[in-house]
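A quick write-up on the structure given underneath.
The values are calculated or read from the model by the stated rules, or taken from the named source; none is laboratory data. Values in this document were obtained by computation on a predicted structure and should not be read as measured data. Backbone-built Cβ (ideal geometry, glycine too); neighbour counts: all protein chains shown. These accessible areas exclude ligands, DNA and RNA; they are computed on the full protein's heavy atoms, side chains included. Shrake-Rupley method; radii C 1.70, N 1.55, O 1.52, S 1.80 Å.
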Amino acid sequence: MDAMDSKSKGSNKKGKSLLGKYELGRLLGRGTFAKVYLARPVDGGGEAVAVKVLDKAEVMGTAGMAPRVLREVTAMRRLRHPNVLRLHEVLATRAKIYLVMELATGGDLLSRLAALPRRRLPEHAARRVFVQLVAALSYCHARGVAHRDVKPQNVLLDGDGNLKVSDFGLSALPDSLRDDGRLHTACGTPAYAAPEVLRRKAYDGAKADAWSCGVILFVLLAGHLPFDDSNIADMCRKAHRREFEFPEWVSQPARRLVSRLLDPNPATRVAVETLTTHPWFKRSLSVDSQLGALLNGQQERALAFQAPAMNAFDIISMSSGLDLSGLFDQRNREKRFMTTASPERTLEELGRAGGKLGYVVVGKKGVDCLPLGGLLGLSAMTVEMSEVAPPLMLVELRLEVVDGDGDGEEQGFGWEELKHELGDVVRAWHSCQDF
């Protein structure tokens, strides 16, 4: 008898048992062919998981469904990245298939955006989302996996607000390529699919994912789709003509990045893997986003810790005696220090200190709509590092406030406490005069 279909007398008090390994709990969601349940290991020794349950008869009886399940399992088994939903194991009975996956308690990105008053994020929050999305897809592409259905519904959030790319059922593996080295199967969601995919031409899966990333970034910043037409042919024509308009609040660097991603010519469209050098990516990143998602892998580290060289004038201008910022900003929002510690250790210590001082996760009444970990509610610490002379680094810290709310918050921030928590990471606070 199928493990999920059998019911015990105590099923109202205890969850249903899955092959003696997991206790199935409440239903988390359902799709056309699957249901997803919360589950916990029977031995109580592990974290809660999500179990995707598929009916074998439906899978085998629906054209194209069996290969899709196989693709999803194959792709997820080869991917191990903090921003890709992890597949723990696959179980089966005579009637069901069970995919035991990492639990993302924060829901999907589309639902989170829909819950916001303006259905969009401030640019610094959108950057945090997009950096993690790019990190995940760069990792996938480097391993020969093209997602082919990148959209907010397939981007989940964990309890800390970190992204988890999911649903690899339409993904393409290296053996999916034809003799011309291209993909030929049109798939995905039209509003997020690249023009060459909609026109059923041979295409590069990674470049198609890049287009989808451009659509997502536009949605994050603008609050609506760049191309949204029930007539796919009309939508495709608009995409080829680049008939979309940015809202006035979108910055010029962000506009340029979106335009490079929404390039109808895949040959000149920017690749996801090269985005780490774009100026918009070099802007300040929140400490928690770097710690939570960008410390695994060489590509992510290059993104997080790329440090511009400084000349003598830059160093002198950072001296406390010549720092004129106080004339223009009396709220004490910025501090600087010198360090010889590695960027990884510096960020690790900043994150640890943040857990005590509360600058990573800060909430305020009336500003609880931002759904993303360290940007929940109101503020975040941002950090920039500049290489003075190896291994000497200048670290610049800034308290960020959303929508100008929270005046006076910076005045009460414990900068001295932070300095104390950082310990020997700090070689000189505010200036270079000790060197």
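Some notes on this structure:
- In the stretch 189-226, residue nearest to LEU262 (Cα to Cα) [restricted to those that are among the β-branched types (Val, Ile, Thr) and part of a helix (DSSP H, G or I)]: VAL215
- Search result, residues across the stretch 390-415 that are modelled with pLDDT of 70 or more and in contact with a strand residue (DSSP E or B) (Cβ under 9 Å, 6 or more places away or on another chain): PRO391, LEU392, MET393, LEU394, VAL395, GLU396, LEU397, ARG398, LEU399, TRP415
- Test: residue in the stretch 179-188 that is more than 18 Å from ALA222 (Cβ to Cβ), touching a helix residue (DSSP H, G or I) at 6+ places or on another chain (Cβ under 6 Å) and part of a helix (DSSP H, G or I): no
- Qualifying residues in the stretch 143-160 (those that are in contact (Cβ under 8 Å) with a residue 60 or more places away in the chain, surrounded by fewer than 24 Cβ atoms within 10 Å (Cβ to Cβ) and not charged (D, E, K, R)) - the one farthest from ALA186 (Cα to Cα): LEU157
- Residue that is nearest to the chain's Cα centre (by Cα) [pool: residues in the stretch 269-282 that are over 21 Å from CYS140 (Cα atoms) and not basic (Lys, Arg)]: TRP280
- Condition met for ALA92 (in contact with a strand residue (DSSP E or B) (Cβ under 9 Å, 6 or more places away or on another chain) and in contact (Cβ under 8 Å) with a residue 40 or more places away in the chain): no
- Filter pass, GLY214 being under 17 Å from SER111 (Cα atoms) and assigned by the TED database to the domain that holds ALA254: no
- Criterion: in a loop (DSSP other than H, G, I, E, B), of a type in the set (Asp, Glu) and either open to solvent by less than 80 Å² (accessible area, probe 1.4 Å) or within 13 Å of PRO195 (Cβ to Cβ) (or both) - qualifying residue of ASP229, ASP234: ASP229
- Within the stretch 336-351, restricting attention to residues that are more than 27 Å from the chain's Cα centre (by Cα) and β-branched (Val, Ile, Thr), the residue that is nearest to GLU384 (Cα to Cα) is THR339.
- Test: residue in the stretch 204-221 that is loosely packed, with under 15 Cβ neighbours inside 10 Å, more than 16 Å from GLN153 (Cα to Cα), out of contact with any Gly (no Cβ under 8 Å at 6 or more places or on another chain) and not small (Gly, Ala, Ser): no
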